[in-house]
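Report on the structure given below.
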Amino acid sequence: MRTGTVVLIAALCAASACAGPGAPIGPRIPREGGGSLGGSAAGVLAFLVQPRDVAAGSPIGEEVKVEALDTLGNVLTAFSGTVGMTLGSNPSNGTLSGTTSVAASSGVAFFDTLVISKAGSGYTLVASAPGFGSVVSAPFTVSGASGAAAGTP
């Protein structure tokens with residue numbers, strides 16, 4: 001094989017069915033299980049730490065972290081813009097409170113005071129920032145204040 005053949009094969013593969021028709025080149029998935037991307041900006045947001053199951057009215061235990069990535073999946077460490085957090089799927093008509101809008105530091109936004117008011121299964125969070133579109137978290141459960149799972153009589 002001659003030098004340059006590998007580059008040609010890689011270029012052809014990237015533009016053909018090797019990556020699937022219309023598939024993006026490079027990593028564009030959230031770094032931690034689940035979630036889906038939205039928007040069509042050059043950069044993307046991803047959940048570095050997904051929300052965990054929690055009791056209604058309590059802060060989500062481990063802080064939720066969202067990072068700004070370039071199209072190759074590298075953290076945009078110069079990004080210090082505002083990242084907002086809202087409820088996506090809201091199975092029990094709960095409310096999200098706490099600090100829902102934070103400035104990123106070195107490309108990462110930390111949400112450590114998020115609270116959901118009502119028990120339910122299948123909640124999701126949506127993070128968004130101007131120029132980055134939005135990203136939806138993996139689903140999680142908010143249990144009743146007594147610790148009983150939502151929907152348990």
Within segment 114-139, track down each residue that is under 26 Å from residue 43 (Cα atoms) and part of a strand (DSSP E or B).
-> 123, 125, 126, 127, 128, 129, 133, 134, 135, 136
Looking at segment 46-82, which of the residues that are touching a Leu at 6+ places or on another chain (Cβ under 7 Å) and among the hydrophobic types (A, V, I, L, M, F, W, C) is farthest from residue 122 (Cα to Cα)?
-> 76
Which residue pairs have Cβ atoms under 9 Å apart, sit 6 or more places apart or on different chains, and have a first residue in segment 93-118 that is of a type in the set (Lys, Arg) and a second that is not in a loop (DSSP other than H, G, I, E, B)?
-> 118/142
Can you tell me which residue within segment 104-113, out of those that are in a strand (DSSP E or B) and of a type outside the set (A, V, I, L, M), is farthest from residue 74 (Cα to Cα)?
-> 111
Which pairs have Cβ atoms under 7 Å, sit 6 or more apart or on different chains, and link a residue in segment 58-69 that is more than 14 Å from residue 128 (Cα to Cα) to one that is buried (at least 22 other Cβ atoms within 10 Å of the Cβ) and of a type in the set (Phe, Trp, Tyr)?
-> 63/111
Search result, residues across segment 59-74 that are touching an Asp or Glu at 6+ places or on another chain (Cβ under 9 Å) and of a type in the set (A, V, I, L, M, F, W, C) | 60, 64
Given (1) under 24 Å from residue 43 (Cα atoms); (2) of a type in the set (Val, Ile, Thr); (3) modelled with pLDDT of 95 or more; (4) surrounded by fewer than 16 Cβ atoms within 10 Å (Cβ to Cβ), number of the condition residue 83 does not satisfy | (4)
Among the residues of segment 91-103, is there at least one that is at pLDDT below 95, farther than 16 Å from residue 50 by Cβ and assigned to a strand (DSSP E or B)?
-> no
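The values are calculated or read from the model by the stated rules, or taken from the named source; none is laboratory data. This one's a predicted model, so the numbers in the text were calculated from it and none came from an experiment. In this analysis, Cβ positions are derived from the backbone assuming ideal geometry, glycine residues included, and neighbour counts consider all displayed protein chains.
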